[in-house]
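Everything on this sheet refers to the single structure shown next.
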Amino acid sequence: ISETKTYTIGFSQTGINDEWRKSMNQAMEIQAGFYPELELKILDSKDNIDNQIKDIEQLISEKIDMLIVSPIKSKPITPIVESAFKSGIPVLIVDRKTDGDNYTAYLGGDNYEVGTNAANYLASLTNENKNIIEVKGLAGSSPALERSLGFNDVINSTKNLEVVKTIEGNWESYSIKDPLRDILESIKDIDYIFVHNDRMALGAWEVVKEKKLQKRIKILGVDGLNGPNGGIQLVKENKLLATILYPTGGDEAIQLALKILNGERVAKNNILNTTVIDARNADIMSKQFDKIDQQQQDIDYQRIKIDKQEKKYTTQKHTLQLLLAL
Ligand code: FRU
């Protein structure tokens, strides 16, 4: 059985400091493992834009067959992605977008829908007047922009709900704690906090608890990862009222990349759905995800067994050939 790799896919990842990115990379590696003709090389930019530009330059110079990129911010990453695309390398953008449309395809969760889901959820809870703080993700990254747009479009057309303050975060918990402390000291009638991801939402909960406001203020996050400290767990522990599922799309990215490499026509925009996870469905969601993880482990186990068999077979074949040559 020949092991020749036919395609190298280079993936420029924003960073691997958080569970969401780790889970995305893992899903991609597992998927890529199903195709012996694929080699996946992941570079970690450590959330630094200069690093990300250098990483993409490096991948281009290594003559990869396909570039996958999740841009830290849209604008500064656009030129290098465009030049890769214009030099003939197919480009798949995942999760965060570049500016313009110089790429082969985009794949990611519907961030506008993440925002509208969060606002519609709040609107469905009450007709009383409620005050909201919105905590945004990194300025200049497309999910922050689109989540905010979706959220505010619905809030602005809902009479009893109002966003009274906005905090600019950077996707990480430490970035929002002090600004939130300041706001909670000066405004006493906050009811909800919509936070653009679960990591910052956990930080918001810690501040709310510190201020002993956890009975009054309810928090919504985004991501809904399974596992310890993931959004689903935070909902179960009552730290979050709800989280909006934002799938990583790791599996789908590799499948789409393969189609592109095989010359198949693919849609330019490949949008993954989101859904609300709250106390009513958190348990069933985590059980479903656990089941998928278990199946994945079973598949991995089978694959290791097959690999062993193949190695055994190759050694036996070689021994036989040597004997026959005598
Ligand atoms: C992970 C993350 C997620 C968020 C996404 C947006 O690095 O911060 O929490 O949903 O990026 O691109």
Are there helices (runs of 4 or more DSSP H) fully within the stretch 1-89 with at least 3 residues that are closer than 29 Å to Tyr313 by Cα and within 18 Å of the chain's Cα centre (by Cα)? List them.
19-33
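Does the stretch 67-74 contain at least one residue that is away from the ligand (no atom under 13 Å from the Cβ), of a type outside the set (Asp, Glu), farther than 24 Å from Gly224 by Cα and surrounded by 17 or more Cβ atoms within 10 Å (Cβ to Cβ)? Walk me through it before giving the result.
So in the stretch 67-74, the residues away from the ligand (no atom under 13 Å from the Cβ) come out as 67-68.
In the following step, the residues that additionally are of a type outside the set (Asp, Glu) were identified as 67-68.
Subsequent filtering for residues that are farther than 24 Å from Gly224 by Cα retains 67.
Those still in the list that are surrounded by 17 or more Cβ atoms within 10 Å (Cβ to Cβ) too: 67.
Yes, that holds for at least one residue.
Could you say which residue among Lys177, Lys159 is surrounded by fewer than 24 Cβ atoms within 10 Å (Cβ to Cβ) and part of a loop (DSSP other than H, G, I, E, B)? Break it down stepwise before answering.
On the way: Lys177 fails: part of a loop (DSSP other than H, G, I, E, B).
Every option except Lys159 fails the conditions.
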Residue pairs qualifying under the 6 Å Cβ cut-off, at least six apart or on distinct chains, with the first in the stretch 85-100 being in contact (Cβ under 8 Å) with a residue 24 or more places away in the chain and at positive phi and the second being within 16 Å of the ligand (Cβ to nearest atom) and open to solvent by less than 60 Å² (accessible area, probe 1.4 Å), are Asp95/Ser70; Asp95/Gly108
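May I ask you to verify whether Ile60 is open to solvent by 10 Å² or more (accessible area, probe 1.4 Å) and more than 14 Å from the ligand (Cβ to nearest atom)? Steps first, please.
Numbers: open to solvent by 10 Å² or more (accessible area, probe 1.4 Å): yes; more than 14 Å from the ligand (Cβ to nearest atom): yes.
So Ile60 passes the test.
Taking into account only those residues within the stretch 111-154 that are of a type in the set (Lys, Arg) and not in a helix (DSSP H, G or I), which is farthest from Tyr174 (Cα to Cα)? Spell out how you get there, then give the answer.
Initial filter on the stretch 111-154 (of a type in the set (Lys, Arg)): 130, 136, 147.
From the residues that got through so far, the ones that are not in a helix (DSSP H, G or I) too are 130, 136.
Values: Lys130: 26, Lys136: 13 Å.
If we take residues in the stretch 111-154 being of a type in the set (Lys, Arg) and not in a helix (DSSP H, G or I), then Lys130 is farthest from Tyr174 (Cα to Cα).
Let me confirm something: among Ala32, Ala27, which residue is more than 22 Å from Gly169 (Cα to Cα) and more than 16 Å from the ligand (Cβ to nearest atom)?
Working: Ala27 fails: more than 16 Å from the ligand (Cβ to nearest atom).
Checking each option against the conditions leaves just Ala32.
Would you mind finding the one in Lys268, Lys305 that is surrounded by fewer than 12 Cβ atoms within 10 Å (Cβ to Cβ) and either touching a residue at least 12 places away in the same chain (Cβ under 8 Å) or within 18 Å of Asn25 (Cβ to Cβ) (or both)?
Result: Lys268 is the single residue among Lys268, Lys305 that is surrounded by fewer than 12 Cβ atoms within 10 Å (Cβ to Cβ) and either touching a residue at least 12 places away in the same chain (Cβ under 8 Å) or within 18 Å of Asn25 (Cβ to Cβ) (or both).
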Can you tell me which residue in the stretch 193-242 is nearest to the ligand (Cβ to nearest atom), limited to those that are at positive phi and either among the β-branched types (Val, Ile, Thr) or surrounded by 20 or more Cβ atoms within 10 Å (Cβ to Cβ) (or both)?
Asp223
Of all residues in the stretch 127-147 being under 17 Å from the mean Cα position of the chain (by Cα) and open to solvent by less than 20 Å² (accessible area, probe 1.4 Å), which is nearest to the ligand (Cβ to nearest atom)?
Pro143
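For the structure I just gave you, tell me whether Ile190 is modelled with pLDDT of 95 or more, within 16 Å of the ligand (Cβ to nearest atom) and β-branched (Val, Ile, Thr). Please lay out each step first, then the result.
On the way: modelled with pLDDT of 95 or more: yes; within 16 Å of the ligand (Cβ to nearest atom): no; β-branched (Val, Ile, Thr): yes.
Against the criterion (modelled with pLDDT of 95 or more, within 16 Å of the ligand (Cβ to nearest atom) and β-branched (Val, Ile, Thr)), Ile190 does not qualify.
The values are calculated or read from the model by the stated rules, or taken from the named source; none is laboratory data. These figures come from a predicted structure and were not determined experimentally. Reconstructed Cβ throughout: ideal geometry from the backbone, glycine too, with neighbour counts over all protein chains shown. Quick note on the areas: whole protein, heavy atoms, side chains included, nothing else; ligands and nucleic acids left out. Shrake-Rupley method; radii C 1.70, N 1.55, O 1.52, S 1.80 Å.
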